[in-house]
Amino acid sequence: MFLELPVPSIRKAHSRDAKKLSEIAEATFRATFGAMNTAEHMEIHCRSSYSEDIQAAEIANPGVVTLLSEHEGRLVGYAQLRWGEAPGCISAKRPGEIQRLYVIADWHGKGIAQELMSACIEELQRRGSDALWLGVWERNPRAISFYEKFGFVAVGEHTFPLGGDPQRDIIMVRAVASR
C-alpha cells in the first residue's frame, strides 16, 4: 500500500485572500532571511511590504498576478508575478518578473516550489512574455541553485533595500517559450 502525498492546489489570489497572504508573506520572509539580518531592518521591510492593505492592492493590480498554493484551506506557498520596467541587463520585448516565490518551511522538499514555478511560467506564456527574470539575494545559495535548475542564468545585479540595509541581488533570467 502506498501513502498518498498531499497535493496542494494552485490558484490565483482574490481580494478575500489579502489577510492570509499578508501573514504567509511576512512569515516566510522572516523565516528565510531573519537570522541573517537585523531585527530593525527586517521590521522596516516587513512593515512596508506585507501588510494586508499592501497585499490587497497588489492582488487588485492588473500588472500583478499572485498565485497561491493551498492544502486543505491552508496557504503553503505563493508566488507574485509582475510586468513593467526591467533592468537594462534584461534583453526582452515583454519580460515578466517573479517578484516573490516562497513556501512555508514544513512544505519544503515536497515539490511546491517547482509547481509554483511551473504555474508562473504558464502565466507568462499566457500573457505573451518572452523572458522571466528575478532578483535573488547573493547570500541565498539554495534559491540560486533552484533557479538554475529551471534554466535561469545570472545576467547582472541590483540593490535590494532591506529596511535601511542595501543588499546585492543577482539578477537572473530565462527565456519563456511561446505557446
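The values are calculated or read from the model by the stated rules, or taken from the named source; none is laboratory data. Values in this document were obtained by computation on a predicted structure and should not be read as measured data. Using ideal geometry, Cβ is built from the backbone for each residue, glycine included, and neighbour counts are taken over all protein chains shown. Side chains are part of the model used for accessible areas, which takes the heavy atoms of the whole protein and leaves out ligands, DNA and RNA. Shrake-Rupley method; radii C 1.70, N 1.55, O 1.52, S 1.80 Å.
Those residues that are in contact with a helix residue (DSSP H, G or I) (Cβ under 9 Å, 6 or more places away or on another chain) and within 13 Å of L132 (Cβ to Cβ), I need them from the stretch 96-121; list them, please. Correct list: G96, I98, Q99, L101, M117. The requirement of being open to solvent by 80 Å² or more (accessible area, probe 1.4 Å) and over 29 Å from E157 (Cα atoms) is fulfilled somewhere in the stretch 35-52, by at least one residue. Only a single item in (1) assigned to a helix (DSSP H, G or I); (2) under 17 Å from the mean Cα position of the chain (by Cα); (3) closer than 20 Å to N140 by Cβ; (4) not hydroxyl-bearing (S, T, Y) is not met by A56, and it is number (3). Considering the stretch 61-72, the residues that are closer than 20 Å to E122 by Cα and in a loop (DSSP other than H, G, I, E, B) include one that is most open to solvent (accessible area, probe 1.4 Å), namely P62. When the stretch 152-172 is filtered for residues that are among the small types (G, A, S) and touching a Pro at 6+ places or on another chain (Cβ under 8 Å), only G156 remains.
Of all residues in the stretch 109-121 being out of contact with any Leu (no Cβ under 9 Å at 6 or more places or on another chain) and surrounded by 14 or more Cβ atoms within 10 Å (Cβ to Cβ), which is nearest to R82 (Cα to Cα)?
Here is the first cut: in the stretch 109-121, the residues out of contact with any Leu (no Cβ under 9 Å at 6 or more places or on another chain) are 109, 112, 114-115, 118.
Retained after the next criterion (residues that are surrounded by 14 or more Cβ atoms within 10 Å (Cβ to Cβ)): 112, 115.
Working: I112: 20, E115: 18 Å.
The residue in question is E115.
All conditions but one from (1) outside any strand (DSSP E or B); (2) touching a residue at least 60 places away in the same chain (Cβ under 8 Å) apply to V155; the one that does not is (1). The set of residues in the stretch 76-96 being closer than 24 Å to E23 by Cα and open to solvent by less than 20 Å² (accessible area, probe 1.4 Å) consists of V76, G77, Y78, A79, Q80, L81.
Report yes if some residue within the stretch 128-136 is modelled with pLDDT of 95 or more, among the aromatic types (F, W, Y), open to solvent by less than 20 Å² (accessible area, probe 1.4 Å) and under 17 Å from the mean Cα position of the chain (by Cα); otherwise report no. Scanning the stretch 128-136 turns up at least one residue that is modelled with pLDDT of 95 or more, among the aromatic types (F, W, Y), open to solvent by less than 20 Å² (accessible area, probe 1.4 Å) and under 17 Å from the mean Cα position of the chain (by Cα). Checking each residue in the stretch 101-137 for being free of Cβ contacts under 8 Å to residues at least 60 places away in the same chain and part of a helix (DSSP H, G or I) picks out D106, A113, Q114, M117, S118, C120, I121, E122, E123, L124, Q125, R126. Within the stretch 1-29, if we keep just the residues that are modelled with pLDDT of 95 or more and among the charged types (D, E, K, R), the residue that is most open to solvent (accessible area, probe 1.4 Å) turns out to be R16.
Tell me which residues, restricted to the stretch 118-128, are of a type outside the set (D, E) and under 21 Å from A18 (Cα atoms). Hits for the stretch 118-128 are A119, C120. Any residue in the stretch 73-95 that is of a type in the set (G, A, S), at pLDDT below 95 and outside any loop (DSSP other than H, G, I, E, B)? There is no residue in the stretch 73-95 that is of a type in the set (G, A, S), at pLDDT below 95 and outside any loop (DSSP other than H, G, I, E, B).
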